[in-house]
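Following: one structure in structure tokens, then a few remarks.
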Amino acid sequence: DDYEPHGMEAMFGRTKEIAQRIALIVARSKGEDRISRDSLQWAIDYATFYALRTVTALQRAMSDGPFEAVCKAVFEKIERAGLKGVTERDLSRAVKTFANLEPRRRKEVIEALVEDRGIVCRNTNAGQRGKPRMAWFAPDD
């Protein structure tokens, strides 16, 4: 039900069937004549884990429009930067769709990510000589 608003509930439709097939394979590999609870539970856990992993990956890749697609690409880059953070210049180099936006639209992308995803900008070389390095960071969820 959690995935119905995103139209992804169908991704779980065959998970039960897949788990049953895996349970049979596991049971036979263990020399069981009948599928045991342990074999079935292991298969259910396995199939569910990979179904959720697939749906999560699809949700990250899917977007409702070009603006959302740019936001997702920029957030993914910021998230992967980790503790190093990423500057807007680095974002422009790494995310071509962001680089191709006019400055006003770039600012809208960043503002949307601040509001929706909680990204923050910090000076990564505070207290050091030279020009400040203002970098964006993903929240520490």
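The values are calculated or read from the model by the stated rules, or taken from the named source; none is laboratory data. If you're wondering where the values come from, they're calculated on a predicted model, not measured in any experiment. A quick note on method: Cβ atoms are made from the backbone with ideal geometry, for glycine too, and the neighbour counts reach across all protein chains shown. Ligands, DNA and RNA are excluded from the accessible area calculation, which covers all protein heavy atoms including side chains. Shrake-Rupley method; radii C 1.70, N 1.55, O 1.52, S 1.80 Å.
What's the local net charge at PRO103, with K and R +1, D and E -1, over the other residues with C-beta under 14 Å away?
+1
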- Quote to one decimal, in nm, the extra length available between GLU102 and GLU76 on full extension: 0.36 nm per residue of separation minus the C-alpha distance between them. 7.3 nm
- Item | Surface per residue (accessible, 1.4 Å probe) for the chain, Å² | 74 Å²
- Message: Students often get this wrong, so try it: which of (i) 54; (ii) 40; (iii) 59 is percent of Cα pairs over 21 Å apart as calculated from the structure shown?
- Response: (iii)
- Among ASP90, ASP33, ASP45, which one moves the most in a GNM of the chain with springs linking Cα atoms closer than 10 Å? ASP33
- Zone residues, the range 25-59, relative to THR15, backbone N less than 17 Å from point 7 Å out along Cα-to-Cβ: 40-59
- Query: Counting only protein heavy atoms and using a 1.4 Å probe, what share of the accessible area of the chain belongs to carbon plus sulfur, as a whole percent?
  - Reply: 51 percent
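Using Cα pairs closer than 8 Å and at least 6 residues apart in sequence, work out the relative contact order for the chain, in percent.
17 percent
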